Amino acid sequence: MTVTLSPEPSHRAMEEAAEWYALLRTGQASAAEQQKWNQWLGRDDAHRLAWSYVERVGRRFSPLQSSPDRDAAVAAFHQTVSTAPRRRRQVLLGLAGTLGLSWLGWTAWRQTPLSALATLWGAEYRAGVGETRQVALSDGTTVWIKALSGFNRAYSGTQRRLELVDGEILIDTGKDPLRPFVVDTAEGRLQALGTRFSVSQDDAGILVAVYDGAVRVTPAGSGASAVVQAGRQARFTADGLQPQMPADPARESWRNGLLLADGLPLADVVAELRRYHGGHLGLSPQVGQLPVFGSYPLNDTDRALDMLASVLPIRLSRPLPWWVSIELRD
């Protein structure tokens, strides 16, 4: 699926669009309010883009809105996306098709799980929204797959090879001295040396964190390789390996359904929560750098957000059951 980038609506435009959508869906908007909405819509191209985003996402979630028991319907939706892989893919990837990505701004696209789901569509092993999977491979290797992550497997008589498609995986390698274990990524290759380690991919490159044994890292564009020992982590791109640092043990916590933060920027926390939230989760740029401390449940994003709001100067806006916005508290 090709994503054609277009001008991004601002966070404010997105939130205004959600508020207008919530009002108009009640069927109780006055003629004056209808006129104000039309004026708002015609005032700026960004308004029309934001409105299209909200309207088209809302169209997919309309059965939840119209249910006699909306809370039960929302709960049922989240249960569906986390426990029924085939149905989850049908619903959320159907939403990707409905959205019309040629007009969808990149920020809007990434504030829902759709971009990752589209990327993972062809992965042999994958985990969807709010899902953590544990996979036992034939050689005794165990792989934990983070929500919105996936990998492919290509074992042969001489090599055990995984390919990280997107997201993050945690690997505990099985013993097989005759077949080396490697993980290929978009930026280079990792070779496990009797190891438990995690590999994650984001816009900044690949991060490998080693918890047991060691991993040899070979960036794709560089002939030089380096070994990352247990208790260390390093980020790399095709051009080379950045300086190694102590491994952060909190990076493993997602396997147990927790997000551990020790001064993590709120923007990074929200980026993680989006993996576990089925709808739109927006963040005002004003609060993105607030430091976050503590432990937050990944399997209950509403609770995690309420916990954040109780300790940070932020407020949560929920104009729609599938739309949450995080703003600076007045």
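The values are calculated or read from the model by the stated rules, or taken from the named source; none is laboratory data. Because the structure is predicted, anything quoted here is derived from the model rather than measured. Positions of Cβ are backbone-derived with ideal geometry, glycine not excepted, and every protein chain shown enters the neighbour counts.
Go through (1) assigned by TED's automatic domain parsing to the domain that holds Gly294; (2) of a type outside the set (Ser, Thr, Tyr); (3) over 30 Å from Arg315 (Cα atoms) for His277 and report which single condition fails.
(3)
Identify all residues within region 19-43 that are farther than 23 Å from His280 by Cβ and either of a type in the set (Ser, Thr, Tyr) or in the same structural domain as Ser317 (by TED's automatic domain parsing) (or both); write none if there are none.
The one that is farther than 23 Å from His280 by Cβ and either of a type in the set (Ser, Thr, Tyr) or in the same structural domain as Ser317 (by TED's automatic domain parsing) (or both): Ser30.
Go over the candidates Arg255, Arg251 one by one and state the one that is out of contact with any helix residue (DSSP H, G or I) (no Cβ under 6 Å at 6 or more places or on another chain), modelled with pLDDT under 95 and farther than 15 Å from Ile206 by Cα.
Unique residue meeting the criteria: Arg255.
Does Ser325 qualify as being within 18 Å of the chain's Cα centre (by Cα), within 18 Å of Ala18 (Cα to Cα) and surrounded by 14 or more Cβ atoms within 10 Å (Cβ to Cβ)?
Yes.
Out of region 167-186, which residues are over 17 Å from Ala214 (Cα atoms) and either surrounded by fewer than 22 Cβ atoms within 10 Å (Cβ to Cβ) or free of Cβ contacts under 8 Å to residues at least 12 places away in the same chain (or both)?
Matches in region 167-186: Leu178, Ala186.
So which residues in region 249-266 are surrounded by 14 or more Cβ atoms within 10 Å (Cβ to Cβ) and either free of Cβ contacts under 8 Å to residues at least 60 places away in the same chain or assigned to a strand (DSSP E or B) (or both)?
Residues satisfying the conditions are Ala250, Arg251, Ser253, Leu258, Leu259, Leu260, Ala261, Leu264, Pro265.
Among the residues of region 190-206, count how many are crowded, with 16+ Cβ neighbours inside 10 Å and either under 16 Å from Val165 (Cβ atoms) or not assigned by TED's automatic domain parsing to the domain that holds Gly140 (or both).
Summing the residues that are crowded, with 16+ Cβ neighbours inside 10 Å and either under 16 Å from Val165 (Cβ atoms) or not assigned by TED's automatic domain parsing to the domain that holds Gly140 (or both) in region 190-206 gives 7.
Among the listed residues Gly288, Gly278, which satisfies the condition of being touching a helix residue (DSSP H, G or I) at 6+ places or on another chain (Cβ under 9 Å), in contact (Cβ under 8 Å) with a residue 60 or more places away in the chain and at negative phi?
Going through Gly288, Gly278 in turn, just one is touching a helix residue (DSSP H, G or I) at 6+ places or on another chain (Cβ under 9 Å), in contact (Cβ under 8 Å) with a residue 60 or more places away in the chain and at negative phi: Gly278.
Given the criteria at pLDDT below 50, assigned to a helix (DSSP H, G or I) and either in contact with a Pro (Cβ under 9 Å, 6 or more places away or on another chain) or not assigned by TED's automatic domain parsing to the domain that holds Ala209 (or both), does Leu93 qualify?
yes
Criterion first (at pLDDT 60 or above and either of a type in the set (Asp, Glu) or farther than 20 Å from Ile326 by Cα (or both)) does Asp71 satisfy it?
So Asp71 fails the test.
Kindly provide the set of residues from region 229-255 that are aromatic (Phe, Trp, Tyr) and over 25 Å from Pro297 (Cα atoms), ordered by number.
Listed by number, the list holds a single entry, Phe236.
Among the residues of region 188-234, write down those that are assigned to a strand (DSSP E or B) and more than 27 Å from the chain's Cα centre (by Cα).
Of everything in region 188-234, those that are assigned to a strand (DSSP E or B) and more than 27 Å from the chain's Cα centre (by Cα) turn out to be Ala214, Arg216, Ala226, Val227, Gln229.
Tell me which residues, restricted to region 310-322, are modelled with pLDDT under 95 and buried (at least 17 other Cβ atoms within 10 Å of the Cβ).
Pro319, Leu320, Pro321, Trp322, listed by residue number.
If I filter region 124-137 for residues that are among the aromatic types (Phe, Trp, Tyr) and farther than 30 Å from Asp302 by Cβ, do I get at least one hit?
no
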